[in-house]
Amino acid sequence: MSEPGKEGITARKADNFDEWYTQVILRGEIADYTPVSGCLAFRPSGYYIWETIQRATDAEFKRVGIQNTYFPLFIPERLLKKEAEHVEGFSPEVAWVTQTGSSPLEERLAVRPTSETVMYEVVSRWVRSWRDLPMRLNQWNNVVRWEFRHPTPFLRSREFLWNEGHSIYATKEDAEGERDEILGIYRMITEELLALPGCMGRKSDSEKFAGAEASYSIEHLLPDGKAIQGPDFHSDGQRFSKAFGIVFVDRDGENRHAWQNTWAISTREIGVMLAVHGDDRGAIIPPRLAYVQVVVVPIVNEETKATVLEEAARIARDLSKEFRVKLDDRDNLTPGRKFNEWELKGVPLRLEIGPRDLKARQVVMVRRDTGAKRPVPMDGLSGTVGAELGSIQKGLLEKARAALEANTHDAASMPQLKETVATKGGIVRVAWCGDGACEAKMKDAGGKILNIPFEQPKEAGPCVACGRKGTATVNYGKSY
């Protein structure tokens with residue numbers, strides 16, 4: 001539960017990342033724990049972040065012709081078992097409904113870990129001809145996955161929110177052509193909204209999604225040196241269409257099994273964003289995601305109180321026409337306490353106005369990301385605020401990119417790989433021959449292959465595990 005009476009961050013990010021991260025979420029009023037382990041309550045600030053991600057992503061989906069739909073939360077056990085590799089991959093994670101009231105169910109119902117099986121049983125009735133394709137569907141929903149013991153808010157939650165994209169194509173070529181479009185949308189969302197860079201590439205076969213032919217991901221790097229998987233895309237081939245009878249009549253009158261893809265972005269991104277950008281004073285929210293972008297704090301004494309409050313209210317009112325603004329005119333807190341509170345919550349920009357500022361027709365502008373503080377004229381304030389918010393958004397991405405680059409290393413041998421992972425962490429680029437046995441051996445260094453970048457050097461060099469000629473350079477590291 002959240003901690004009544006606790007204010008500010010007492011853990012240092014560099015010394016105790018896990019405790020710092022939890023304090024940012026709870027004391028920054030992003031989310032709170034609930035009586036159900038691993039299931040969060042989103043506070044308004046946290047849910048606003050997700051709503052903004054959802055709206056922007058949904059608009060991009062609609063722009064390229066993807067339609068929203070919705071399917072049930074409960075999945076009959078017989079459906080979940082229809083695709084063997086898929087069910088095997090999810091079996092440890094599934095929560096089951098076994099009775100209603102005091103009456104046992106005739107068939108167990110899985111609480112949705114993902115929707116392929118329940119969707120495709122129904123969608124198989126919607127696809128008849130090549131004219132019905134492509135069918136590009138998406139749903140915004142919640143899923144439950146219960147396999148792990150130690151949940152971490154947002155990063156590993158038993159219930160989380162996401163989009164589930166499911167597309168059906170007539171040909172393999174058309175299905176494969178969707179990958180770059182969807183990953184491009186996810187890259188735009190993560191970079192332009194969340195100010196998060198990532199490493200994009202294909203997952204190894206041992207790390208791909210259960211039931212997929214191939215999986216692709218954007219991997220993020222957290223400040224504790226561990227990587228975490230972000231948005232992903234899966235080429236599912238014809239496995240599900242064969243299991244669920246998704247068959248169409250092609251232009252030549254022949255029955256064909258469809259080709260399918262799935263893809264998702266989840267509330268995990270909120271946790272990554274908080275972890276990457278926050279500091280020892282609390283959260284730092286990118287302006288495009290901030291529930292409050294600008295807080296106006298009047299600094300008053302008894303003689304000037306009425307005049308300063310009136311001007312502060314006017315400024316807040318005018319700025320509210322373009323920005324999300326909060327006037328903090330509470331009279332039970334000192335300005336210093338207010339400053340600390342809004343810094344803890346990650347509000348990007350603070351405007352202070354006192355008697356001297358009133359006389360000088362200025363406000364004092366303070367950036368949350370850098371702490372930079374400067375007086376700015378009241379005239380043209382809206383334009384100044386807009387430019388500053390844009391600068392903060394851009395600066396957060398640049399800083400995160402620099403951190404990712406500084407914590408990306410190279411290793412040419414197993415001893416070097418082990419030493420780099422142990423002493424530096426981060427992402428380590430190594431050559432790999434593609435052999436599963438070598439991939440397993442590489443895990444001795446304490447991490448795993450995160451993904452195989454699309455952009456490859458002309459020559460990969462010798463495999464870090466066996467010394468044979470490498471077929472690819474891969475991203476390797478510890479992972480959540």
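The values are calculated or read from the model by the stated rules, or taken from the named source; none is laboratory data. Computed from a predicted model, the values in this text were never measured in an experiment. Don't worry about glycine lacking a Cβ; one is built from the backbone with ideal geometry, like all the others, and counts go over all protein chains shown.
List of remarks:
- Checking D328 against (1) touching a strand residue (DSSP E or B) at 6+ places or on another chain (Cβ under 6 Å); (2) within 24 Å of I25 (Cβ to Cβ); (3) touching a residue at least 40 places away in the same chain (Cβ under 8 Å), the condition it does not meet: (3)
- Residue list for region 223-271, restricted to those being surrounded by fewer than 21 Cβ atoms within 10 Å (Cβ to Cβ), outside any strand (DSSP E or B) and touching a helix residue (DSSP H, G or I) at 6+ places or on another chain (Cβ under 8 Å): P223, D224, R239, D250, R251
- Candidates W140, W126, W146, W162, filtered to the one that is within 30 Å of W20 (Cα to Cα), in contact with a strand residue (DSSP E or B) (Cβ under 8 Å, 6 or more places away or on another chain), at pLDDT 95 or above and not in a helix (DSSP H, G or I): W162
- Of everything in region 280-335 that is hydroxyl-bearing (S, T, Y) and either at pLDDT below 95 or over 30 Å from L196 (Cβ atoms) (or both), the residue that is surrounded by the fewest Cβ atoms within 10 Å (Cβ to Cβ) is T334.
- Verdict on E106 being assigned to a strand (DSSP E or B), under 26 Å from E88 (Cβ atoms) and free of Cβ contacts under 8 Å to residues at least 24 places away in the same chain: yes
- Qualifying residue in region 67-83 (condition: among the acidic types (D, E) and more than 27 Å from A275 (Cα to Cα)): yes
- So M119, is it assigned to a helix (DSSP H, G or I) and touching a His at 6+ places or on another chain (Cβ under 8 Å): yes
- Any hit, region 25-41, residues being buried (at least 17 other Cβ atoms within 10 Å of the Cβ), assigned to a helix (DSSP H, G or I) and aliphatic (A, V, I, L, M): yes
- Filtered residues of region 461-480 (kept if more than 14 Å from P415 (Cα to Cα) and among the small types (G, A, S)): G461, G470, A472, G477, S479
- Verdict on L137 being under 14 Å from the mean Cα position of the chain (by Cα) and on the phi < 0 side of the Ramachandran plot: no
- Exactly one residue out of R108, R131, R145 is in contact with a helix residue (DSSP H, G or I) (Cβ under 9 Å, 6 or more places away or on another chain), farther than 19 Å from F240 by Cα, surrounded by fewer than 18 Cβ atoms within 10 Å (Cβ to Cβ) and not small (G, A, S): that is R108.
- Residue pairs meeting the criteria (Cβ under 8 Å; at least 6 apart or on separate chains; first among the hydroxyl-bearing types (S, T, Y) and surrounded by 15 or more Cβ atoms within 10 Å (Cβ to Cβ), in region 79-96; second modelled with pLDDT of 75 or more and part of a helix (DSSP H, G or I)): none
- Residue within region 47-56 that is under 18 Å from the mean Cα position of the chain (by Cα), surrounded by 14 or more Cβ atoms within 10 Å (Cβ to Cβ) and without any contact (Cβ under 8 Å) to a residue 60 or more places away in the chain present: yes
- Total residues in region 199-220 satisfying the condition of being crowded, with 18+ Cβ neighbours inside 10 Å, within 21 Å of A472 (Cα to Cα) and either aromatic (F, W, Y) or touching a residue at least 60 places away in the same chain (Cβ under 8 Å) (or both): the figure is 10.
- Restricting attention to region 24-47, the residues being within 22 Å of F148 (Cα to Cα) and polar (S, T, N, Q) number 2.
To keep it simple, each residue is scored yes or no on (1) under 19 Å from the mean Cα position of the chain (by Cα); (2) polar (S, T, N, Q); (3) surrounded by fewer than 20 Cβ atoms within 10 Å (Cβ to Cβ); (4) under 20 Å from L196 (Cα atoms).
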{"residue": "P153", "(1), (2), (3), (4)": "yes, no, no, yes"}
{"residue": "A170", "(1), (2), (3), (4)": "no, no, no, no"}
{"residue": "E176", "(1), (2), (3), (4)": "no, no, yes, no"}
{"residue": "I182", "(1), (2), (3), (4)": "yes, no, no, yes"}
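- Tally of residues being free of Cβ contacts under 8 Å to residues at least 24 places away in the same chain and under 30 Å from I270 (Cα atoms) across region 343-363: 0
- Residues in region 208-222 that are among the hydrophobic types (A, V, I, L, M, F, W, C) and modelled with pLDDT of 95 or more: A214, I218, L221, L222.
- Here region 405-436 is the region considered, the condition is being over 17 Å from A465 (Cα atoms) and out of contact with any helix residue (DSSP H, G or I) (no Cβ under 9 Å at 6 or more places or on another chain), and the residue that is surrounded by the most Cβ atoms within 10 Å (Cβ to Cβ) is G425.
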